[in-house]
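Reviewing the structure listed below.
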Amino acid sequence: MTRTAFVTGATSGIGEATVRALVASGWRCVATGRRAERLDALVEELGADKVHPAVFDVREEAAMNVAIAALPGEFADIDLLVNNAGLAQGLKPAQDADLADWQTMIDTNVTAMVRLTRKLLPGLIERKGAIIAIGSVAGSYVYPGGNVYAGSKAFANHFTLALRADLHGTGVRVTSIEPGMVETEFTLVRTGSQEASDDLYRGSDPMTGEDIARTIRWIAELPPHLNINRIELMPVSQDFAGFRVARD
Ligand code: NDP
Ligand code: 8X3
């Protein structure tokens, strides 16, 4: 039987690659994001029987409700929720940060994720489905300027592990994927500059959206008795060292 995934943030990067990977393995996908033209292109490429575009801002609860209620019958029973939509914005030292940037990250990376998860949980339990969330290494290893982004990803990592505990005995599988540097539009969104984005990735052979999508698909297709609780990935060029000492 064809299984259905609900992938947030499918207009670029990890989410878009995940939709492609899952459809290639025979899944149907609800693909979400604000940029309708990108979702339309995915439908065009992969087929309307395989991809249902759900255009909404994840921060808007009413729009989320409408999108869920409007799922066509064959896309309505969700077997896998991929909590992926998210962003970093600003990333200035806390003392210089813009509160609006902080609120945007909290609304998107935290509030929207918990809301959507809560709304889809009854169906996921009924179908003994799975939840895979994209947290970040930033939730475990902080860096200067990471402040609220890192906090939101620590929340994502831990909320996902907490779901695993709450869903014990239901048959629902839950995984927290915590990537390091992945070359996507994420850095362009964060900095607003293509040059800064290119600079970050230059010469570092970063991970790609496809690397993470392959991992998501692998986890989604494991036998039902097996749960990957959490998984942390980095490009070989990146590590987690960096304790600094300020001197007189
Ligand atoms: P991209 O910028 O390529 O993709 C982000 C996706 O999130 C887009 O599809 C975007 O859709 C969606 N999104 C953002 N805000 C909203 C919103 N308000 N409403 C609806 N959709 C929204 O970045 P990535 O693929 O890299 O990011 C995916 C996830 O991976 C994020 O949660 C990020 O924190 C995490 N991550 C990324 C890392 C990296 O190095 N790239 C490392 C670790 C974690 P649209 O703009 O069309 O609405
Ligand atoms: C570090 C991962 O999420 O802070 O490369 O960009 S994140």
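Converting phi to 3J(HN,Hα) with the Karplus coefficients 6.51, -1.76 and 1.60 and the offset θ = phi - 60°, the stretch 207-222 yields 5, 10, x, 5, 4, 6, 4, 4, 5, 4, 5, 4, 5, 4, 9, 5 Hz in sequence order, with x at every glycine or proline. Within the assembled protein chains, the solvent-accessible surface assigned to residue 50 is about 50 Å², based on a 1.4 Å probe.
Rolling a 1.4 Å probe over the protein heavy atoms gives the chain an accessible area of 49 Å² per residue.
The portion of the accessible surface of the chain made up by carbon and sulfur, rounded to a whole percent, is 53 (1.4 Å probe; DNA, RNA and ligands excluded). When 102, 27 are compared by accessible area at a 1.4 angstrom probe, the order from most to least is 102, 27. Along the axis of the charge dipole computed for the stretch 73-152 (Cβ charges of +1 for Lys and Arg, -1 for Asp and Glu, origin at the Cα centre), the listed residues 146, 104, 75 are led at the positive end by 75. Close amide H pairs (under 5 Å, H built 1.01 Å from N) link residue 29 with 5, 51, 52, residues at least 5 positions away or on another chain.
Near the amide H of residue 230, within less than 5 Å, lie the amide hydrogens of 176, all on another chain or at least 5 residues away, with H placed in the peptide plane.
The residues neighbouring residue 208, those whose beta-carbon lies less than 13 Å from its own, together hold a net charge of -4 under the Lys/Arg +1, Asp/Glu -1 convention.
Comparing 53, 179, 223 in a Gaussian network model of the chain (Cα springs below 10 Å), the most mobile by mean-square fluctuation is 223. Database remark: amide H of residue 131 closer than 5 angstrom to the amide H of 81, 173, 174, 175 (H placed geometrically; neighbours at sequence offset of 5 or more, or on other chains; Pro and chain starts carry no H). Assuming charge only on the beta carbon of Lys and Arg (+1) and of Asp and Glu (-1), the dipole of the chain about its Cα centre is about 780 debye to the nearest 20.
The values are calculated or read from the model by the stated rules, or taken from the named source; none is laboratory data. Bear in mind the structure is a predicted one, so any value in this text is a computation, not a measurement. Positions of Cβ are generated from backbone atoms using ideal geometry, with glycine treated the same way; all protein chains shown enter the neighbour counts. Keep in mind that these areas ignore ligands, DNA and RNA; they rest on the heavy atoms of the full protein, side chains included. Shrake-Rupley method; radii C 1.70, N 1.55, O 1.52, S 1.80 Å.
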